[in-house]
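To keep things clear, I will list the structure first and then write my remarks on it.
The values are calculated or read from the model by the stated rules, or taken from the named source; none is laboratory data. Everything numeric in this text was worked out from a predicted model, so none of it was measured. No Cβ is skipped: glycine too gets one built from the backbone with ideal geometry, and neighbour counts run over all protein chains shown. When the accessible area is computed, the model is the full protein with side chains, heavy atoms only, and any ligands, DNA or RNA have been set aside. Shrake-Rupley method; radii C 1.70, N 1.55, O 1.52, S 1.80 Å.
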Amino acid sequence: MSSTRQDAWTHDEDLLLAEIVLRHIREGGTQLQAFEKVGKELTRTAAACGFRWNSYVRKQYKSGIELAKRQRKERKLNNLPLEDKQPDTNQILEAETVTSQEEKKVWGFEELVAYLKDLYEKAEQSSMQDENMKTNEERIQSLEKQLYYLASENEKLLKDLNSIQADYKALINIMERARKLVELKDEDHEQKV
């Protein structure tokens, strides 16, 4: 089989990549060995696997990486032997995490896969939230533009109102003068008569 592929990565392939890389980290192997193993299983190059891990998958499993590193350190401290490099997938994985000084939890393969799926779903939700945030930011910018337009329109209307009020006062003054003039003419007329 050819070891070069051009198609997109699937969710299951990402899970397999994560599971094998985390196992190699936990067991003290190198990531390069993990990439080579995944590449053989998925008929991809080790470089493609390494690129996918570093560009996308690794970001989804930060806590899993820290857990695997702690387990590797604990295994070294306790002088536990390394497992076979190719354990049966039904075999229980040595995924121990210290939740307290006395309590330890052993994860099975199914639990680890469920954990990885949960992390993947959280990452998808996070990307959806990012899209929602981008949409909301665009809406905020649109509303800010609208607010700016309405504020300038309001300012123009206030100027027009002030101008109308000034014209109204001038008109009232003119009418008042005209009334007084009429009264003066009436008085003059009455005095003459």
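Data for the structure
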quantity	calculated
Members of the range 182-193 that are open to solvent by less than 100 Å² (accessible area, probe 1.4 Å) and among the aliphatic types (A, V, I, L, M)	Val182
Given (1) open to solvent by less than 50 Å² (accessible area, probe 1.4 Å); (2) at pLDDT below 80, number of the condition Leu42 does not satisfy	(2)
Residues within the range 14-65 that are within 20 Å of Gly108 (Cβ to Cβ) and of a type in the set (Ser, Thr, Tyr), tallied	2
Whichever residue in the range 8-37 is touching a residue at least 24 places away in the same chain (Cβ under 8 Å) and of a type in the set (Val, Ile, Thr) and, among such residues, is surrounded by the most Cβ atoms within 10 Å (Cβ to Cβ)	Val21
